[in-house]
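Student: Handing you this structure, nothing more for now.
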Amino acid sequence: MSEARSGTSAPTVLRMILGRRLQDMRLGVGASLEDAAKALRVKTLTIRRLEKAEVALKPLYVEKLLETYGADRQEIDEFVDLAEQANEPGWWHSYRDVVPSWFTAYVSLETGAKTLRTYEPQYVTGLLQTPEYAHAVLRGGLPNGSEEEVARRVELRMRRRSLLEKEDAPTLWVVMEEAVLHRMVGSPDVMREQIECLLEMSELPHISVDIVPFAAGAHVGACAPFTYFRFEEPELPDIVYSELLSASVYLDQRADVVAHLEAHSRMALLTSSEDSRALLNRMRKEYS
């Protein structure tokens, strides 16, 4: 990845995994990109894009490649079945009318991740937003959008949030700036309910919410919001997502990922769960 994504089709996590497996199998038998391209009678760019999950995994291509790499029939059939599953659009595909294509990659990663660590300097992170708070945030960002469009985006955000209610829910560690709690979003009632939601969610064993206080001063994380993803599957590297005004950047180079991970950890050291809950309780009273 390690590049801006704008206007491209987002791969599912399964497609990314299978692309990595194809690459590993090719390298395992000492085949070059040129060797694989020759087997399919395509350009080497096609092979590269298949391995990077930038295009759909055509079953005929997959079958021919695995035959070239010496896979047995059972392995080929199982891989082709997985490739067909990987090409199926994710549940978020039904929201493509209101979600930019570059953000669907985020939803795919979020859905497949086992660990998420986020930093938010401006707003409550999306996975922990209440419907009313989400509506106010989205309306503010879409001043010319129709009410239907805003409602659809809120619906998507709430469906994403259901990820945290699954039996095998991922671990979520959120670091937010105190400014988030002071920024009036919606109304005092909306803010109070949102803070109550944060307090409630932070009691769950798989969710941590840390608030960096104003007193912390300047610190390493005073930057754009980002999310770190870690997956159970060994084929997938850790990935960091950072959002810009009209696009996004996905980073998987080790140096980039480590820099963001260390920044997240350092920010968390500027507060504690006890201090964060105390701050949340104080702010809840201010909005009462």
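The values are calculated or read from the model by the stated rules, or taken from the named source; none is laboratory data. Since the model is a prediction, treat every value here as computed from it, not as a measurement. Positions of Cβ are backbone-derived with ideal geometry, glycine not excepted, and every protein chain shown enters the neighbour counts. Side chains are part of the model used for accessible areas, which takes the heavy atoms of the whole protein and leaves out ligands, DNA and RNA. Shrake-Rupley method; radii C 1.70, N 1.55, O 1.52, S 1.80 Å.
Student: What tally of residues in the stretch 226-244 results from selecting those that are touching a strand residue (DSSP E or B) at 6+ places or on another chain (Cβ under 7 Å) and at pLDDT below 90? Give the steps one after another, and end with the answer.
Tutor: Taking the stretch 226-244 and keeping what is touching a strand residue (DSSP E or B) at 6+ places or on another chain (Cβ under 7 Å), we get 226-230, 238-242.
Add one more test, that the residue is at pLDDT below 90, and what stays is 242.
The total comes to 1.
Student: In addition: Exactly one of (1) among the aliphatic types (A, V, I, L, M); (2) more than 20 Å from the chain's Cα centre (by Cα); (3) not in a helix (DSSP H, G or I) is unmet by VAL174. Its number?
Tutor: (2)
Student: May I ask you to say which residue of THR130, THR125 is of a type outside the set (Asp, Glu) and within 21 Å of PHE226 (Cβ to Cβ)? First the steps, then the outcome.
Tutor: Details: THR130 fails: within 21 Å of PHE226 (Cβ to Cβ).
Every option except THR125 fails the conditions.
Student: Return only the number of the condition from (1) over 20 Å from the mean Cα position of the chain (by Cα); (2) in a loop (DSSP other than H, G, I, E, B); (3) among the charged types (D, E, K, R) that ASP168 does not satisfy.
Tutor: Every listed condition holds for ASP168 apart from (1).
Student: Based on this model, can you work out whether ALA71 counts as in contact (Cβ under 8 Å) with a residue 24 or more places away in the chain and closer than 30 Å to ALA218 by Cα?
Tutor: Details: in contact (Cβ under 8 Å) with a residue 24 or more places away in the chain: yes; closer than 30 Å to ALA218 by Cα: no.
So ALA71 does not fit the description; no.
Student: If you don't mind, another one. Identify the single condition in (1) within 16 Å of ARG20 (Cα to Cα); (2) touching a Phe, Trp or Tyr at 6+ places or on another chain (Cβ under 9 Å) that ILE76 does not satisfy, given that it satisfies every other one.
Tutor: (2)
Student: Filter the helices (runs of 4 or more DSSP H) completely within the stretch 33-152 down to those with at least 1 residues that are open to solvent by 30 Å² or more (accessible area, probe 1.4 Å), more than 23 Å from CYS197 (Cβ to Cβ) and not acidic (Asp, Glu).
Tutor: Values: elements: 33-40, 44-51, 59-68, 73-86, 101-112, 131-141.
Output list reads 33-40, 44-51, 59-68, 73-86, 101-112.
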